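What follows is one structure encoded as structure tokens, with my remarks underneath.
Throughout, read-outs are computed from the coordinates displayed, never taken from laboratory work. Please read all numbers here as calculations on a predicted model, not as lab measurements. Here Cβ is always computed from backbone atoms with ideal geometry, including for glycine, and neighbour counts include all displayed protein chains.
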Amino acid sequence: MTDQAVHTGGPAPAADAVPGAAAAYGATESTGPARFTGRRRELDRLRAEIGRAGPDTLSGRPAPRCRVLLVAGRPGSGRTAVAEELARQVAADYPDGILRARLTEPDGTPVPVEHTVRDLLGALTGPVPAVPAGAGEQELTGALRAALAGRRALLLLDEPADSGRLPDLLPDNRECLVLAVSRGPLSGVPDVRACTLGGLDTASAVALLDRWAGDTPRVTVDPRAAEALAEACGGRPAALVLVGGWLAAHPGASVAEALRRFEALPDELPGAVDDDAADAEPAGDADDASGRFPGAAPGSLAGSAPGSAPDAVRAAVPRPRTRPVIAARPLVRAFRLVHDSLPPAAARTLRLLALAPGGLADSHTAAALAGCPPESAGAALAGFARLGLLNATAVPGLYTVPRCLAPMLAAALADGERPADVRLARARVLERLVRLLGSCRAAAEPPGSPVRKRADGLPRALRFATSAAAAAWLDTRLPALRAAVRTAVGDGELDTLARRLAAALARALAVHRGPEAAAPELYRLCELLLPVTERRGLHAERAAALLDLGDLDADAGRPHRALVRYRAALEAARAGDGGPGGGRGEATAVRAMESLGDTYGHLGDGQRATDWYGRALALCQTRGDLAGEARLHGRIGAEHLRAGRWEEALRALRAAAAACRRARDVRAYARALEEVAAVQERAGWTEDALRTRREARRWASRAEGREPGSRPAPVRRMLEEGPGPAS
């Protein structure tokens, strides 16, 4: 069986697009032996732990769960790179694939468990348990464990934000292996075999520096200075890569000059924010510092006093929802070294990448953030990757922001950009995503459709050549699109863009994946929009979202939750300006009442179902909605039929037929007569049924332009089941 490697945290990183990037940042990247530097002792130890007996085996009991290995270390120590290299070495032992999931966004926001589980389930080959939209975490994680039972797979779980929730993701299967990557220990997970990473040994550190320093033999010419620079970097791969990238960009600079510049840069801890201090190491630990910078003048990271940036600037930058990751002090110096050497326009583009949704950046994202042409933005991103500031992915032109640099980018943005500029940049990137999603949806529509015509008027850079290209774009950007919606909703001042983005994403998913496959994503999008509609007083949109959630709950077999949704939708419809006195609110109220009736009918409570249908019918009669009248009379007739009340059922169905005739809907009138005939026949009134059916065929022939004697097309029966006629 061939090895299968599946990446679920966005687009898979490139294997060799940026040499050494995995070793530098711990990015989820597959690296071959020629690309991986050092860590042989740690890898040997981890491989030995895979087969070593645990306490359950030693006591004679079978292990209840899979083996869990932990690769721990501070940001920039190459944690994920070690896990990726180990996964590459043992991949042949796990024929069902390597499944990767990033559990934390670059800003520290936890990735929802549902997204992780559904992505992992979607990555597995063969049959997997179906999990309905809106399922709870227990149901989701249970489905994942059931899917992994009997398989031999390797799971690489990168940076769990809450280790207490990690046990729910672990397979109940001893044949699987979990590699977890984290800053610290995993509480609540028994028998974890941990490997804590420090700095690289001197030889490996110098080799990594030499690889990134370019073709000029400066490292080999001055080995003592190279060793001193590696020591100043603490052996941290991320810092070594950045310094090496700076050397490559400055071929006239010597290693000794780089060392002097590096040591002259400040690396003090900021003292302004309590949450930074809460996660900081004790004073005097030179290996750790905050990713935030002292206040700096716009366009520079040095030269002004701490705390000079106004609070409004910091509030405009997306803040982690958990404690922020603290970067190593050598990494702070290395980032300063590279950032301060960039031209002002490039430095600004780099800082703005702190706003890239989900840490994913392409030419569209960078162009929208910086307000420049996509070609210039793409060239800037490629340059950042050569400097070690970004990681390339397997998708050409798509990059990821290294997690260890994300807090520093956010701090640089807060210190170097005005709040208004930050908000404008975020609005531009959201607007660009809305347009791209519209084009993505249009690519799957037939030529000549209104949506396709609108997309044809977009710039060529925003259009997709084929439907397959649009679907591939949607799949690779989905984590970033989810993050963009969450960020826009949480911002509080971009609600219009949040609503447009969520709607555009929902439409694109529905057209490319189909309504059933897209239902889980649509469910969470509707839930995300509820706070927006509430704080903005958008009662009609709130009612529509609640109705969609109710429909999805009903389809998933959760009728009682659906009832709660439908009642809330009815209240929202009545509360809006277009409530019972306005057309749109009344139409929404009718739908909510009808949905309540449908749900009660499904639960077998015919009396309440008929009552809600009657309320909806009264509102339709007030509005003059003949189509609604006909439909609701039919619903009431169906409930009477289920209860064996033939005469009441016939009265309701005849009323439905009359409403169709008043509406001059000949086809619907013929179908309604067919339903009347069906009830008459089941009640034992054969002659009446024959007369009504002849009348129905005559009207059906008229609707289809046929002669009365010809056989009509089959009509849909409203009543598929029901009690037989009374004896």
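Numerical summary
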quantity	calculated
Protection-proxy order for peptides 207-215, 158-166, each taking the mean of Cβ atoms within 10 Å per residue, highest first	207-215, 158-166
For segment 101-249, with +1 on Lys and Arg beta carbons and -1 on Asp and Glu, the positive-most of GLY244, ALA161, CYS195 along the dipole	CYS195
Stokes-Einstein D in µm²/s, Kirkwood radius over Cα pairs - segment 117-213 at 20 °C with 1.002 mPa s viscosity	135
By average C-beta atoms within 10 angstrom, highest first, the peptides 254-267, 539-552, 494-507, 436-449	539-552, 494-507, 436-449, 254-267
